[in-house]
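The values are calculated or read from the model by the stated rules, or taken from the named source; none is laboratory data. Predicted model, so just to flag it, every value in this text is computed and none were measured. Cβ placement follows ideal geometry from the backbone for every residue including glycine, while neighbour counts extend to all protein chains displayed.
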Amino acid sequence: MEPTSIVLFVISLVVGGGAGYTYRKVVASKESENVEAKSKKIVEDARTEAKELVLSAKNESLELKETAKKEENERRNQIADLEKRLVSKEENLDKKSDNIDKKKEDIEKAKKETEEIKNGLRDIRVKQEENLAKIAKLTKEKALEKLLEMVERDYKKDVLEKIKKVEEDVKEQEDAKARDILAVAIQRATSDFVSESTVTSISIPNDEMKGRIIGREGRNIQAIEKLTGCDIIVDDTPETIVISGFDPVRRHICKRALEEMLKDGRINPSRIEDAVEKAKNEIDKEIKEAGEQAAFEANIPGLQLDLLKILGRLKFRTSYGQNVLKHTLEAVHIASALAAEIHADVKTAKLGALLHDVGKAIDREIEGTHSSISRDICKKFGMSEAVIHAVEAHHQDVPFKTPEAIIVYVADAISASRPGARRDSIENYIKRLTEIENIANSFTGVEKSFAIQAGREVRVLVQPEKLDDLASAKLAKKIAEKIEQDLKYPGQIKVNVIRETRTIEIAK
C-alpha cells in the first residue's frame, strides 16, 4: 500500500473517531439533560404527592379529632345522664327505705297497741267472769256459760238472720248443682239388683237321692262338707237340699259338684273328689272370665291377671244381699259420670271405684277391714297414690285429700243406699227407725219425732215456747252429731227440726 493512502486512511480514522466521539458526547450530554429533567420532574411530583398526602393526613387527623371530641362529648353527656338517674334512683330508694322503716314502725306500734287491747279485753273479760261468779256464786265455767247466754240473747236476732241468709244462699247454689250432677250420674248407671243370701238350694229328682247324698253312716255328706267347707242341710223339705256357707266361692263349688253327681246318680267318696276338683277348675275359670269382663265393662284395660282373678271373685261375694261385683261396676259408671261432670280425673275415679271393694274377695283369708285390704292390694299391684287414697278413703277411714276420693265415696254410697240395692231384715229396719226417734226424743224441748223415708230423714217437732229459732238450729246440729256417733247406717240421714207457732183469733 502506498504511503499516501496509509496517511489518508489514518487521517480518516482520526477524523472519523473524533467525529464519533464528538457525536457520542453530544448525545450523552442530551441524554444527561433529559435524565436530569426527568429526575427533577419525578422529585417535583414526589414532593407534590407528599404535600398532598400530608394535607390529606392532616385533614383526616382533624376529622378524627373532631369525631373523637363529639363521641367524647356524647359519652360525657350519657355518663352525666346516668349519674343523674342513679342519683335520682338512690334518692327514691332512700325515700322508699324511709317509708318502709316508717311502716315497720307503724306495724310494730299497731301490734303493740293490738296486744295491749287484747290484754285489756282479756283482763276485762276475766274481771267480768270473776264478778259474775262472785255475784251469782257460780263457778268460772258456769259464769262463762251465763256470759255466752247473755251475748247470745242480746245478738240472737242478728246472728240468726246471718246464719239463715248464708245457709240459704249456699244451700240454693249447692243443692241445685249437686242435684243436677247426681241425677245425671244415676240416670247413666241404672241397673236392677236381686238380693242374694248365704244359702243355696238345690232341687233333687226325689227324696231317695237324699239317702245317696248322705251315704252309709254319713260318709258321702261328710266327704262333701270336708272338701268344700260348706254345710249340707237335708231336712224335711221335699226334693230339696240346702247348702249353707259364708264363703260364696266354696258354696258355688259345692253346688256345681252336687249338680254334676246328681246327673248320673253316682255318689261315693271317690266320685265326690273328682266332682269337687272339676267344679273348682270351672269356678276358677269363671272367676278369671268375670274379672276380665268387669275390666272390659269398666273400660279399664291393662290390669294384671292376678288382680283380675281377685276382682272376679267378687262375682260370688255379697254384701247385705247385694252382689259386690255388680255393685262395683255400678259404682264405676257413677264415678265416671260424676268425674266428667265436675272435670275431675275420670281414669283415677273409675279405677278407684273398680278396686274400692276388692278386699272383700279375700277378707275371710286376711285380717283387717276390707278398706285396708283393698289398699294393700292396690299397693301390691303398683297403683298410683291417687287411686290408693281413693280406695282407702271410701269409708272415711282417712280424711279426703282429692276430689276423686270423694267421688268414689259418693258413688259407693249411691249404689249401696238406693232402694232395693241391699236387703235388710224387717227387725233391723224397725230397730234403726226406733233408735233414730229415741235419739231425737232424748233432747229437751222436743215434742215429737218421726223417722221417715226408710230412715233417711227424721222430722223433729219442738215446743215453740221452750226453744226459739236459734236454739232449734243448734238442736238440729246436736241431733245429727248424736246420730253419727251412736248409729251405723247406709247413706245419710237428714235431720229436719220444725218449730211452729200459731195465733188464732175468732171474729164474731
request  = Could you look through the stretch 456-490, keep only residues that are small (Gly, Ala, Ser) and in contact with a Gly (Cβ under 9 Å, 6 or more places away or on another chain), and pick out the one that is modelled with the highest pLDDT?
outcome  = Ser472
note = If we keep only residues of the stretch 445-474 that are of a type outside the set (Gly, Ala, Ser) and part of a helix (DSSP H, G or I), then the residue farthest from the chain's Cα centre (by Cα) is Asp469
request  = Would you check if there is a residue in the stretch 270-279 being in contact (Cβ under 8 Å) with a residue 12 or more places away in the chain and under 16 Å from Ile362 (Cβ atoms)?
outcome  = no
ask   = Looking at (1) in a helix (DSSP H, G or I); (2) surrounded by fewer than 12 Cβ atoms within 10 Å (Cβ to Cβ), which is the only condition Glu500 fails?
value = (1)
task = Being at pLDDT below 70 and among the basic types (Lys, Arg) is the filter; apply it to the stretch 105-141 and report the residue that is nearest to the chain's Cα centre (by Cα).
result = Lys140
inquiry  = So, in the stretch 316-326, exactly how many residues are part of a helix (DSSP H, G or I) and out of contact with any strand residue (DSSP E or B) (no Cβ under 7 Å at 6 or more places or on another chain)?
reply    = 3
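Check Thr190, Thr198, Thr240 and return the single one that is surrounded by fewer than 16 Cβ atoms within 10 Å (Cβ to Cβ), of a type outside the set (A, V, I, L, M), at pLDDT below 60 and under 30 Å from Ser270 (Cβ atoms).
Values: Thr190 fails: under 30 Å from Ser270 (Cβ atoms); Thr240 fails: at pLDDT below 60.
Criteria check complete, one pass: Thr198.
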remark   = Of Lys482, Lys477, the only residue that is assigned to a helix (DSSP H, G or I), assigned by TED's automatic domain parsing to the domain that holds Ile439, of a type in the set (Lys, Arg) and surrounded by 14 or more Cβ atoms within 10 Å (Cβ to Cβ) is Lys482
ask   = Among the residues of the stretch 59-79, is any within 60 Å of the chain's Cα centre (by Cα) and surrounded by 10 or more Cβ atoms within 10 Å (Cβ to Cβ)?
value = yes
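Which residue, of Glu292, Glu259, is over 45 Å from the mean Cα position of the chain (by Cα), surrounded by fewer than 18 Cβ atoms within 10 Å (Cβ to Cβ) and in a helix (DSSP H, G or I)? Before the answer, list the steps.
Details: Glu292 fails: over 45 Å from the mean Cα position of the chain (by Cα).
Answer to the check: Glu259.
Taking the options Ile267, Ile232, Ile213, name whichever one is in contact with a helix residue (DSSP H, G or I) (Cβ under 7 Å, 6 or more places away or on another chain), modelled with pLDDT of 75 or more and part of a loop (DSSP other than H, G, I, E, B).
Among Ile267, Ile232, Ile213, only Ile267 is in contact with a helix residue (DSSP H, G or I) (Cβ under 7 Å, 6 or more places away or on another chain), modelled with pLDDT of 75 or more and part of a loop (DSSP other than H, G, I, E, B).
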remark   = Pairs returned, first residue in the stretch 207-218 that is in the same structural domain as Glu259 (by TED's automatic domain parsing) and closer than 13 Å to Gly265 by Cα, second residue that is surrounded by fewer than 18 Cβ atoms within 10 Å (Cβ to Cβ) and of a type in the set (Asp, Glu), beta-carbon separation under 9 angstrom, 6 or more apart or interchain, are Asp207/Glu239; Met209/Glu239; Lys210/Glu239
task = Would you point out which residue out of Ile300, Ile287 is touching a Phe, Trp or Tyr at 6+ places or on another chain (Cβ under 9 Å), without any contact (Cβ under 8 Å) to a residue 60 or more places away in the chain and either outside any strand (DSSP E or B) or surrounded by 20 or more Cβ atoms within 10 Å (Cβ to Cβ) (or both)?
result = Ile287
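Kindly evaluate Leu329 against the criterion of being in a helix (DSSP H, G or I), in the same structural domain as Pro399 (by TED's automatic domain parsing) and buried (at least 23 other Cβ atoms within 10 Å of the Cβ). Break it down into steps so the answer makes sense when it comes.
Details: in a helix (DSSP H, G or I): yes; in the same structural domain as Pro399 (by TED's automatic domain parsing): yes; buried (at least 23 other Cβ atoms within 10 Å of the Cβ): no.
Criteria not met by Leu329.
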request  = Check the stretch 373-390 and report whether any residue there is under 20 Å from Arg313 (Cβ atoms), in a loop (DSSP other than H, G, I, E, B) and at pLDDT below 90.
outcome  = no
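Going through the stretch 221-267 one residue at a time, which ones are β-branched (Val, Ile, Thr) and in contact (Cβ under 8 Å) with a residue 40 or more places away in the chain?
Just the residues of the stretch 221-267 that are β-branched (Val, Ile, Thr), to begin with: 221, 224, 228, 232-234, 237, 240-243, 249, 253, 267.
Selection gives Ile224, Thr228, Ile241, Val242, Ile243, Val249, Ile267.
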task = Could you grab me the full set of residues in the stretch 365-403 that are of a type in the set (A, V, I, L, M) and within 20 Å of Ser415 (Cα to Cα)?
result = Val387, Ala390, Val391, Ala393
request  = Return the residue satisfying two criteria in turn: it lies in the stretch 338-365 and is touching a residue at least 60 places away in the same chain (Cβ under 8 Å) and part of a loop (DSSP other than H, G, I, E, B), and of such residues it is surrounded by the most Cβ atoms within 10 Å (Cβ to Cβ).
outcome  = Ala344
